[in-house]
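In what follows, a single structure is set out as structure tokens and then discussed.
The values are calculated or read from the model by the stated rules, or taken from the named source; none is laboratory data. None of the values given here were measured: they were computed from a predicted structure. We place every Cβ from the backbone using ideal geometry, glycine too, and count neighbours over all the protein chains shown.
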Amino acid sequence: MIKAEELIAKFQQALDDHWGYIWGTAGVMWTEARQRDLEKTTDENRAMSRKYGSKWIGHMVADCSGLFCWAFKQYDLPMSHISSNIFISYCTQNKGKLTTALKRTILPGSAVFTGETAG
């Protein structure tokens with residue numbers, strides 16, 4: 001079991017090290033070769049990464065769920081890189097219902113999901 005403080009420390013490390021955001025990544029060094037490969041894609045989900053990705057060359061990058069995946073991996077814990085799988089695996093004890101009391105207990109490092117999940 002990972003403690004919230006440990007997870008937050010990993011997120012802070014990524015922030016302090018000036019990580020970038022590239023959709024579909026989970027804690028990798030962004031290189032010119034990766035950017036060239038990305039620029040060959042036509043996937044609309046990756047349009048912003050194609051447009052701005054070159055500014056992250058030489059930096060570590062991750063997307064939102066990828067950052068969680070990377071942080072858990074640092075503690076040798078398995079974590080899916082797909083947000084809906086993270087929600088289903090770790091956040092559905094109460095069938096996804098967030099009570100008023102629980103809303104008041106959300107702390108830094110909490111993963112917050114809104115809306116419907118697929119599947």
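The condition (being of a type in the set (Lys, Arg) and touching a residue at least 60 places away in the same chain (Cβ under 8 Å)) is satisfied by just one residue among Lys3, Lys10, Lys40, Lys51: Lys10.
Any idea which of Thr105, Thr41, Thr99, Thr92 is at pLDDT 65 or above, β-branched (Val, Ile, Thr) and out of contact with any strand residue (DSSP E or B) (no Cβ under 9 Å at 6 or more places or on another chain)?
On the way: Thr105 fails: at pLDDT 65 or above; Thr99 fails: at pLDDT 65 or above; Thr92 fails: at pLDDT 65 or above.
The match here is Thr41.
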